[in-house]
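Reviewing the structure listed below.
The values are calculated or read from the model by the stated rules, or taken from the named source; none is laboratory data. All figures in this text were calculated on a predicted structure; none of them were measured in a lab. Every residue, glycine as well, gets a Cβ built from its backbone with ideal geometry; the counts of neighbours run over all protein chains shown. With ligands, DNA and RNA removed, areas are computed over all heavy atoms of the protein, side chains included. Shrake-Rupley method; radii C 1.70, N 1.55, O 1.52, S 1.80 Å.
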Amino acid sequence: MINKNKYEAAWRCPSNIALVKYWGKKGKQLPANASLSFTLADLYTETKLTCASEEPGNIQVFLDGARQISFEPKIREFLARIDDLLPWLKDYSLTIHTSNNFPHSSGIASSASGLGALALCLAEIHASLSNQSPDVQFASELARLGSGSACRSINGTAAMWGEHPDFHGSSDRYAISVDHLLHPEFQGWMDAVMLVETGSKSVSSTQGHALLQEHPYAKSRFQEANRNMSRLKHVLQQGDIQAFADLVESEALQLHAMMMCSSPSYMLMQPETLRIIKEVRAFREQSGIPVVFTLDAGANVHVLFPGQHRIHLGETLFPMLAEACEGGKYICSTIGPGVKRLT
Ligand code: PMV
């Protein structure tokens, strides 16, 4: 905070990758099923927000210092969704300076980290204006209203979102950390993101979620996802890596199977996606090293692995997988918490 006419906040927020997928919404950006993700500490957005009492309602967004008028409608839509939670917003102008530490055209979605970082800034300014201490849960709720999966980036190494009987304190409104569930086997894991396709997607997540409304398998998918949450809880607690691989890979393929039998149907996997998936499975079988693939709503493949194998995999599996990537590129991140208040 600077003075009562001007407030500033700056935060870093990481991206995340879901193990059990959120795919389908209800009500006001609430999930049709619970989901659980690992936080990607090294793939993040940094955002500085300035709220000033001059020119209320004015919004300017800058990416790496350059004005991005095309981002502003999405930000306005987000602000309209949260105006009941932040009634002071309408009395201020907003200037948002943001940057990602991963390349823009990498095909890595910046919506989770970007909206997470903006939500953290808004939650801090809200706390200053209302004389409260900043609240992680509230920031997660704001982030959810920007982009559902963003709510899981705010809190912990592993976070879950969506009311579920097996997760105490779970809520449809915000995500909670489930770090306490992680068996030591899952400490120090990493994610190598194989960049198969670096352009924008042919069907956005927003469109994909909407197709679940009339989807013939929606109901059974939501039930199966919630059952997978119970199974994943057990697997994470037991440190059962084989069961982890089976479950996480099946979840990724179910997500894409839902796309393939939506009406209209569509496919976001590319031939290279399948090639990488097959190589990951063959390598796991031959080497006994637990490499596990997952996908988000795109063609890129996330390869999860215990960090102690990083050097070996960097000399063996990854160069082979990179042959199927655009420009031979992949990006590695540690799995861990990554939210940081910036001064
Ligand atoms: O947060 P959204 O609306 O971009 O949806 C994300 C959906 C998936 O990434 C495919 C799955 C997930 O749980 O993150």
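Details
- Lysine pairs meeting the criterion (Cα under 24 Å, 8 or more apart or interchain), as found in region 1-104: 13
- Three principal axis extents of region 6-181 based on alpha-carbon atoms, in descending order, are 48, 37, 27 Å.
- Rg/Rh (Cα only; Kirkwood hydrodynamic radius) as it applies to the chain: 0.97
- Mean separation of Cα contacts under 8 Å, 6 or more apart, over the residue count of the chain: relative contact order %: 24 percent
- Label-point separation, residue 104 to residue 69 (7 Å along Cα→Cβ), nm: 1.5 nm
- Across region 266-280, computed HN-Hα scalar couplings (Karplus, 6.51 cos²θ - 1.76 cosθ + 1.60, θ = phi - 60°) run 8, 9, 9, 6, 10, x, 5, 4, 5, 4, 5, 4, 5, 5, 4 Hz from first to last residue, x flagging Gly and Pro.
- q = 0.22 Å⁻¹: log10 I(q)/I(0) that the Debye formula gives for region 224-292, counting C-alpha atoms only: -1.01
- Residue separation of residue 282 and residue 76 scaled by 0.36 nm, minus their Cα-Cα distance, works out to 69.5 nm of gained length.
- Extension reserve of the residue 323-residue 206 stretch, reckoned as 0.36 nm per residue once the Cα distance is removed: 39.0 nm
- Per-selection Kirkwood Rh - region 184-334 (Cα, Å, 1 d.p.): 16.3 Å
- Rounded to the nearest whole Hz, the Karplus-based 3J(HN,Hα) values (6.51 cos²θ - 1.76 cosθ + 1.60, θ = phi - 60°) of region 140-148 follow the sequence 5, 5, 4, 4, 4, 6, x, 8, x, with x at glycine and proline.
- Of interest is the spacing of the C-alpha centroids, which for region 144-210 and region 287-311 amounts to 16 Å.
- Restriction of the GluC sites (Glu not before Pro) in region 229-335 to DSSP coil positions whose beta-carbon has at most 15 other beta-carbons within 10 angstrom yields 323.
- Solvent-accessible surface of region 1-137, taken per residue with a 1.4 Å probe and all protein chains present: 42 Å².
- Taking amide H as placed 1.01 Å from N in the peptide plane, the amide H of residue 25 sits under 5 Å from that of 32, each at least 5 places away or on another chain.
- Antiparallel beta bridges, as assigned by DSSP with both residues in the chain, represent about 90 percent of the total such bridges.
- Spatially close lysines, pair count over region 184-334: Cα under 25 Å, gap of eight or more or interchain: 4
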